[in-house]
Amino acid sequence: MHKPTQLSRRLFLSTAAAGLAAPALAQSSNETVEIELDISQSVRHNISSFRTLDWRPYFSDTRNGAILVDITSRALHYWSEDQSTYRLYPTSVPLSEDLTRRGRTEVVRMVEGPDWRPTPAMQERNPEWPDYVPPGPDNPLGTHALYLSWTYYRIHGTHDTRKIGRRSSNGCIGLYNEHIAELFAMTNRGTQVLLI
C-alpha cells in the first residue's frame, strides 16, 4: 500500500515562492518605466513573513476597518470593521530607515488610477526623474492608491512586481495591483492604519 507523501515545509515554501514569482517572470523589463532605484543592484533580499495576527494587540477596536503594516516582515494585515474579513498581503517597504515612518495614521483619500509627482526630497535625490507621471502602466503608484494622513505617504499598487517583499520604496507601502484593488474595495476613508 502506498503511503501519501507529506508536504514538507521546505517544499511548500519553495513551491509558494515559485508561484509568487510567476507575475514577475511574465513581465519584461521594457514594459515598465523604473521610477525608483534599480532594485537589482541595491536590494538583495525578497522576504515576507506570512503569519496571521490578531488585531487586539494593535488596535482598541476595528471601527472603519484596520490596516497593520509590519515593516520588518514586509506584510500588510487588514481586518474589516465587523471582523468577518481578514487579509494578509506581501508588500514592498521603504528602502532605508530614514525613509521609514512608523505610527498611527488613517486613510484620508482613495484614488483609482492615481497620477504621481515626486516629492521634493525625491527630486533632490533623483533630478532625472519626471515631474509628473499620468495614470497608466508607467505610473509608480499602480492602479489604486490609499492616501494616508501623513503628507506624501501612500499604500498603493505597483506595476513592478519585483519590488514586492523587498525594501524598495521611497517611503510608501506597495502591493501587487490585484491586492491593492481588493484592499481598495474593502477600505473606507477613516480606516485606521498602523505602521510598526
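Of the peptides 132-139, 84-91, the ranking by mean beta-carbon count within 10 Å, highest at the top, reads 84-91, 132-139. A viscosity of 1.002 mPa s and a temperature of 20 °C, combined with the Kirkwood radius over C-alpha pairs in the Stokes-Einstein formula, give segment 107-196 a diffusion coefficient of 159 µm²/s. Between segment 114-186 and segment 51-77, how many Å separate their Cα centres? When both Cα centres are located, 21 Å separates them. The phi-based Karplus calculation (6.51 cos²θ - 1.76 cosθ + 1.60; θ = phi - 60°) puts the 3J(HN,Hα) values of segment 184-192 at 4, 5, 9, 8, 10, 4, x, 4, 5 Hz, whole numbers, x for Gly and Pro.
Take every Cα-Cα pair in segment 73-117 and report what % of them are more than 17 Å apart.
Summing the P(r) of segment 73-117 above 17 Å gives 61 percent of all pairs.
Just so you know, all these numbers are worked out from the coordinates, no wet-lab data involved. Small disclaimer: the values here were computed from a predicted structure and weren't measured. Glycine gets a Cβ as well: all are built from the backbone with ideal geometry, and neighbour counts include every protein chain shown.
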